[in-house]
Protein chains: 2
Amino acid sequence: MNDERDEQKVSEFAEYDLLARFRERIGAPVEGEVWSGDDAAVVAAGADQILFTTDSMVEKVDFDFAYCDPADVGFKAVAINVSDIAAMGGTPGAAVATLQLDPNTPVSVVDGLLDGMLEASQRWSVRIVGGDLSRAPALSIGIALLGVPPESGVVTRGGARAGDAIGITGTPGLSGLGLALLKAEGRSARDRPEARAHLRPEARPAEGAALARAGATAMIDVSDGVAIDLYRLCRASDTGCNVRVGDLEAPKEAVLLGGEDFELLFTIPSESFATARAAVQELGTNCTQIGEVTDSGMMVDGESLESWKDKAWDHLRNQ
Amino acid sequence: MNDERDEQKVSEFAEYDLLARFRERIGAPVEGEVWSGDDAAVVAAGADQILFTTDSMVEKVDFDFAYCDPADVGFKAVAINVSDIAAMGGTPGAAVATLQLDPNTPVSVVDGLLDGMLEASQRWSVRIVGGDLSRAPALSIGIALLGVPPESGVVTRGGARAGDAIGITGTPGLSGLGLALLKAEGRSARDRPEARAHLRPEARPAEGAALARAGATAMIDVSDGVAIDLYRLCRASDTGCNVRVGDLEAPKEAVLLGGEDFELLFTIPSESFATARAAVQELGTNCTQIGEVTDSGMMVDGESLESWKDKAWDHLRNQ
């Protein structure tokens, strides 16, 4: 532990770089599996394939009880994992939970976390089958979730083809606006629609399954804003894009930079887009075409998507 | 959040009580599944069943860099989950990892954690397929692991029958002795066999699978000492026991109270014990009969197992 790397701290690495380091170390997936680098992993389970993902939330980093209730946190911890399964076109199934609790945590907070976890679990037919409790200096909640892949095969981030339509569900950008409102106005803003989108995000597994059935070629959930997540999809697919977000309901900055929308960003052959949109709308969810996949060059409203992506990273780092 | 329970803190609950509360809230398992309360959950995955477990380690709670290397921690985080799968008779498979890191953590520590995780993964054929990184005030590492059940069916904690032999693998008690040594003497004790047992525990999936094949009726891994874990097995099976631990290699107190051995404690029809022992010994691991399952009453060396179990809880709380 005395080499010069010892001087290098985690803080100098963006999460993305550390994840890339992690990915390099775990190596290439065995045949027929998809490992780190997509929304969820795809692994063999007997004769079948299963989806497997994990995501956690840490107090003061990912949420603040200044404006969240414990039930919001429990709900969202399940929702963000359901969203990862949804982004593969899958159906969520069994989950295990990890609660790390400061010994001074009131038991009512634990009950609230469980209330929210169970509410989200019921909403999306997740079965919480086990868990682990630990003492820790800060409260955190982690979920590991299994899912069943769609019959038509998993939809990765890497299948977009030039000419495909690019679509998005719901109203991207609301959650980021909600976070800003909650930070500025505190709990009094909790009932505003933007704040609800941040506190109680809607995962979209039914929409994801419908998009897989309709022939979606690539899909990702919008966790870090459209700029970063569209960039990821294009990079994974080795394509470009030409999108317009100026006409969406939320302001352009919120759409591109605001995170935690958990809407589904997808690509699909343009002739299939109308069918896909109808299937999503039938579930009560908006679905909007925002552009097309191109061979190369990533453009948003005539500007470089990459520069918006860099701006988004700065925004995330300073949040 | 203003009711009187708000005054009640997590610290007043033993982990066991909080887990019981959690278990009550998640409800009864769907048919054909086993949820919280055994070493691993059993869940349906397509036509097959799959084992699913999670366990995490928190700095200063579960380990201390005063005497552990980061690679020890990474290794053990995988081992403790493999042990849960082993205790069902299963074979470990895909895993996802959660790393929570203080931004001041040297990158060399992260590399060490990964080194240990990958070493343990290779040892027990675990595939780390994904993960999640978070900032947090303290370092913690969590693993969620899938496993394939044995063909003869999972071995739960609840299948012991009066008259069965009670056996245990390896040398229970070493790890607790090792922890005491490390706390007293620091890193200079690292190479002592007891310290190795604590820092680099051997999970026993091959032994667990062999015991399942040989007809084990119940099994649990010894994570909290033989007193607590034998009590759990008897409670789950609704049986008593009569065991003798005075002749084992480690002192009686270490066997009964020392945790984190990750040896397998099992029951099996007495006529099958010799076969089971031979199968375990063929893997290079000791296997000792320590007693018999009885209809009721839990006895160890002529004393009440329950009073040893209560002593073990006090020991854990004061560690």
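For the reader, a short list of remarks on this structure follows.
- Net dipole in debye of chain A [+1 Lys, Arg Cβ; -1 Asp, Glu Cβ; about Cα centre; nearest 20]: 440 debye
- Between 0 and 90 degrees, the angle of helix A:205-214 with respect to the longest Cα principal axis of chain A falls at about 20 degrees.
- Across the range B:247-306, the fraction of Cα-Cα pairs farther apart than 20 Å, rounded to a whole number, is 36%.
- Degrees between helix A:273-282 axis and first principal axis of chain A (Cα, 0 to 90, nearest 10): 40 degrees
- Taking a ≥ b ≥ c as the square roots of the eigenvalues of the alpha carbon gyration tensor, the range B:39-197 is oblate, as a/c is not under 1.5 and a/b does not beat b/c.
- Listed residues A:Gly225, A:Gly170, A:Gly186, most fluctuating in chain A (Gaussian network, C-alpha, under 10 Å): A:Gly186
- Against the compact-protein benchmark of 2.2 N^0.38 Å, the Cα-based radius of gyration of the range A:159-240 scales to 1.30.
- The mean number of Cβ atoms from other chains found within 10 Å of a Cβ in peptide A:255-266 is 0, as a whole number.
- The mean sequence distance of close C-alpha pairs (under 8 Å, at least 6 residues apart), as a share of the length of the range A:129-263, puts its relative contact order at 37 percent.
- Contact order relative to length of chain A, as percent, for alpha carbon pairs under 8 angstrom and 6 or more apart: 20 percent
- Axis proximity, chain A to B: residue whose C-beta lies nearest, plus whole-Å distance: A:Ala144, 2
- Filtered GluC sites (Glu not before Pro), the range A:130-195: DSSP coil and at most 15 other beta carbons within 10 Å: A:Glu151
- Solvent exposure of A:Trp308, expressed as accessible area, is near 20 Å², computed with a probe of 1.4 Å over the protein chains only.
- DSSP bridge pairs, the protein assembly as shown: antiparallel proportion in percent, nearest 5: 75 percent
- For chain B, the Rg and Dmax computed from alpha carbons only, in angstrom: 19.3, 60
- Top positive-direction residue, dipole computed over the protein assembly as shown with Cβ charges, set A:Val148, A:Gly37, B:Leu264: A:Val148
- Every Cα-Cα pair of the range B:81-121 was included, and the share exceeding 11 Å stands at 73 percent.
- Accessible surface of the protein assembly as shown, 1.4 Å probe, proportion on carbon and sulfur as whole %: 45 percent
- Cα-based radius of gyration for the range B:107-205, normalised by 2.2 N^0.38 Å, reads 1.41.
- Residue of A:Val280, A:Val42, A:Val110 that the Gaussian network model of chain A assigns the largest fluctuation, springs spanning Cα pairs under 10 Å: A:Val110
- Multiplying each eigenvalue of the alpha-carbon gyration tensor of the range B:192-319 by 5 and taking the square root yields semi-axes of 22, 20, 12 Å, largest first, rounded to whole angstroms.
- Relative compactness, the protein assembly as shown, computed as alpha-carbon Rg over 2.2 N^0.38 Å: 0.99
- Peptide B:40-51 has a mean shielding of 5, counted as Cβ atoms of other protein chains within 10 Å of each residue's Cβ.
- Potential lengthening between A:Glu249 and A:Ala44 on full extension [0.36 nm per residue; Cα-Cα distance subtracted]: 69.7 nm
- Accessible surface, 1.4 Å probe, highest first, among residues A:Arg127, A:Arg161: A:Arg161, A:Arg127
- Shielding by partners - mean other protein chain Cβ count within 10 Å, residues of A:94-106: 6
- What the Cβ-Cβ distance of B:Glu31 and B:Arg213 gives, at R0 = 35 Å and to the nearest 0.05, is a FRET efficiency of 0.85.
- A:Ser272 - accessible surface, heavy atoms, 1.4 Å probe, Å² rounded to 10: 30 Å²
- Take every pair of alpha-carbon atoms less than 8 Å apart whose residues are at least six positions apart; their mean separation over the length of the range B:40-109 yields a relative contact order of 26 percent.
- Between A:Thr285, A:Thr105, A:Thr294, the residue with the greatest mean-square fluctuation in the GNM of chain A (Cα pairs under 10 Å linked by springs) is A:Thr105.
- Over the range A:200-265, the hull volume per residue, using the convex hull of the C-alpha atoms, is 97 Å³.
- Residue-averaged [θ]222 nm for the protein assembly as shown, counting only DSSP H segments that reach four residues, each worth -39500 (n - 2.57): -11000 deg cm²/dmol
- Take B:Asp64, push a point 7 Å out from Cα through the beta-carbon direction, and compare it with the same point in every other copy: 3.5 nm, smallest first.
- With both labels modelled 7 Å from their Cα along Cα-to-Cβ, the B:Asn286 to A:Thr275 distance reads 6.6 nm.
- Hypothetical label at B:Ser307: residues of the range B:169-189 whose amide nitrogen lies under 15 Å (7 Å Cα-Cβ projection): none
The values are calculated or read from the model by the stated rules, or taken from the named source; none is laboratory data. Just so it is clear, the model here is predicted, and its values are computed rather than measured. So basically every Cβ, Gly included, is an ideal-geometry build from the backbone, and we count neighbours across all protein chains shown. Keep in mind that these areas ignore ligands, DNA and RNA; they rest on the heavy atoms of the full protein, side chains included. Shrake-Rupley method; radii C 1.70, N 1.55, O 1.52, S 1.80 Å.
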